[in-house]
Amino acid sequence: MTRRSDRLSEDDRVLWNLVARTAKPLKGKAAVPVPDFGIEAKPAPAQQARPVAGPAGAAKPKAQHVSHALDEPTLDKLSKGRLPIEGRVDLHGMTQDEAYSLLFSFLRRAHAGGIRYVLVITGKGSSSGGDGVLRRAVPAWLSTPAFRPLVSSHDHAARNHGGSGALYVRLRRVRS
């Protein structure tokens, strides 16, 4: 028999707060305020996305660290299903803060579990022809110092896995 823990882990608390904010109260019931505690201190996603979100043709500042793109054989194996995608996270419809928190906690748990390849679904953006905010921001986040210990490389997914609205992410090996 396993012993039940009455406390949520920090990752579970972040995920629960994200889910609780999207819940609608039953008819005739008042909404319960959801506190923001449990969401980790992090650099503001808007500041990180700013260099990526600049106008087309504008000079972009150099990133401190750029993750390497996946090598062609690995990309080919992932797209053809010969290399398993062991986890996936869907960031559709989230704000940048929500998406950043969920992505960071998801990748941290996946890395701790020894998972190597995951699919991050950002969506393609608005139907008005513009690029989506998360579609631009997530690759920039993956190249920041906060994600460096977790992410080895990333690249756009194949069409059958979401194409330009998704990313393959290779996580670093867990050091024992």
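The values are calculated or read from the model by the stated rules, or taken from the named source; none is laboratory data. Predicted model only: the values in this text are computed from it and were never measured. Cβ coordinates were reconstructed from backbone atoms using ideal geometry, including for glycine residues, and neighbour counts include every protein chain displayed.
Selection of the range 90-113 for residues being part of a helix (DSSP H, G or I) and within 9 Å of the chain's Cα centre (by Cα) yields Ala99, Tyr100, Ser101, Leu102, Leu103, Phe104, Ser105, Phe106, Leu107.
Scanning the range 72-89 for residues that are of a type in the set (S, T, N, Q) and loosely packed, with under 15 Cβ neighbours inside 10 Å yields no hits at all. For the range 114-168, give me each residue that is among the hydroxyl-bearing types (Ser, Thr, Tyr) and not in a strand (DSSP E or B). Within the range 114-168, Thr122, Ser126, Ser127, Ser128, Ser143, Thr144, Ser164 qualify. Among residues belonging to the range 99-110 that are in contact with a Lys or Arg (Cβ under 8 Å, 6 or more places away or on another chain) and buried (at least 20 other Cβ atoms within 10 Å of the Cβ), point out the one that is farthest from Gly162 (Cα to Cα). Restricting to residues being in contact with a Lys or Arg (Cβ under 8 Å, 6 or more places away or on another chain) and buried (at least 20 other Cβ atoms within 10 Å of the Cβ), the top hit is Ser101. Being in contact (Cβ under 8 Å) with a residue 60 or more places away in the chain, touching a strand residue (DSSP E or B) at 6+ places or on another chain (Cβ under 7 Å), surrounded by 18 or more Cβ atoms within 10 Å (Cβ to Cβ) and of a type in the set (Ser, Thr, Tyr) holds for only one residue in Tyr117, Tyr168, and it is Tyr168. With respect to Ile121, determine if the residue is β-branched (Val, Ile, Thr), within 27 Å of Asp76 (Cβ to Cβ) and out of contact with any His (no Cβ under 9 Å at 6 or more places or on another chain). Judged against the criteria, Ile121 is not a match.
The residues in the range 93-114 that are among the aliphatic types (A, V, I, L, M), without any contact (Cβ under 8 Å) to a residue 40 or more places away in the chain and closer than 23 Å to Lys77 by Cα can be counted, and the count is 0. Looking only at the range 147-168, residues that are aliphatic (A, V, I, L, M) and closer than 14 Å to Ala99 by Cβ come to 2 in all. For the range 63-78, the set of residues classified as at pLDDT 85 or above and among the polar types (S, T, N, Q) consists of Thr74 only.
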